[in-house]
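Chemist: Questions regarding the structure given below will be posed in turn.
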Amino acid sequence: ISITLLGIIVLINVGAMRLGYRSVDSGEKRIAALDRIKASLSIIESQIQSEIPLTYDEDGVKKYFFKGDRESLQFSTNYSIWGGQKGYVIVTYRVESGDMGKQVLYASENIVGIENKRDAKLFDAFDKIYFEYFYKDPTEEQGTWIEQWTDDTAIPEKVRLHLVDRTKDLAMIIP
């Protein structure tokens with residue numbers, strides 16, 4: 001009887017230790033994923049807030065490097081993900097389809113005047129990722145959110161990034 005009771009106690013302890021190990025492991029994975037999301041949001045916010053309104057000349061008309069639609073965003077900034085060489089970079093964020101129906105947000109940087117381009121994956125675990133742009137006509141008092149920025153001679157006041165996971169919509173507004 002004592003050997004049977006000892007065996008049951010050992011089985012209960014082993015099961016509890018195994019459950020504890022799994023719990024710690026899944027908690028560490030969740031923390032790592034949240035840290036990656038926090039770091040990626042910080043990069044996006046820093047780059048958009050340090051946007052420099054650089055222009056280029058096209059047929060005698062000065063146009064901004066800023067281009068944006070629902071699934072991509074391009075602009076010039078002096079904040080590089082990788083640091084290193086100082087100067088202005090053209091950043092492009094693009095949304096692509098990933099594994100298992102999830103969407104992936106990539107960031108590409110190109111230093112102005114140099115052909116070298118670097119890519120980084122920022123998000124890969126969201127059902128939907130998209131951008132919106134705040135448009136305010138100078139004659140209007142209130143603005144509206146639009147899905148495509150078509151004005152080549154101006155930049156939006158704000159950019160909104162949506163990260164949708166099931167029913168949760170994490171929206172980040174960046175001035």
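The values are calculated or read from the model by the stated rules, or taken from the named source; none is laboratory data. Worth saying up front: this structure is predicted, and the values here are computed from it rather than measured. So basically every Cβ, Gly included, is an ideal-geometry build from the backbone, and we count neighbours across all protein chains shown. Just the protein is used for accessible areas: all its heavy atoms, side chains included, with ligands, DNA and RNA removed. Shrake-Rupley method; radii C 1.70, N 1.55, O 1.52, S 1.80 Å.
Chemist: When the residues of the stretch 48-69 are narrowed to those that are assigned to a strand (DSSP E or B) and aromatic (F, W, Y), which ends up surrounded by the fewest Cβ atoms within 10 Å (Cβ to Cβ)?
Modeler: Filtering first and then ranking leaves Y56.
Chemist: I'm trying to understand the selection: among the residues of the stretch 92-127, which are closer than 18 Å to T77 by Cα and of a type in the set (D, E)?
Modeler: Those that are closer than 18 Å to T77 by Cα and of a type in the set (D, E): E109, E115, D119.
Chemist: Still on this structure: Could you tell me how many of the residues in the stretch 117-138 are open to solvent by 70 Å² or more (accessible area, probe 1.4 Å), more than 26 Å from I43 (Cβ to Cβ) and either at pLDDT below 85 or among the small types (G, A, S) (or both)?
Modeler: Selection size over the stretch 117-138: 1.
Chemist: Do we find that S72 is surrounded by 10 or more Cβ atoms within 10 Å (Cβ to Cβ), of a type outside the set (K, R) and in contact with a Ser or Thr (Cβ under 7 Å, 6 or more places away or on another chain) in this structure? Quick ask: steps written out before the conclusion?
Modeler: Numbers: surrounded by 10 or more Cβ atoms within 10 Å (Cβ to Cβ): yes; of a type outside the set (K, R): yes; in contact with a Ser or Thr (Cβ under 7 Å, 6 or more places away or on another chain): yes.
Yes, satisfied.
Chemist: Moving on to the next point. Could you give me the residue pairs with C-beta distances under 8 Å whose first residue belongs to the stretch 33-56 and is without any contact (Cβ under 8 Å) to a residue 24 or more places away in the chain, whose second residue is not in a loop (DSSP other than H, G, I, E, B) wherever it lies, and which are 6+ apart or on separate chains?
Modeler: T55/K62; T55/K63; T55/Y64; Y56/K62; Y56/K63
Chemist: Tell me which residues, restricted to the stretch 104-116, are open to solvent by 30 Å² or more (accessible area, probe 1.4 Å) and at pLDDT 90 or above.
Modeler: Y106
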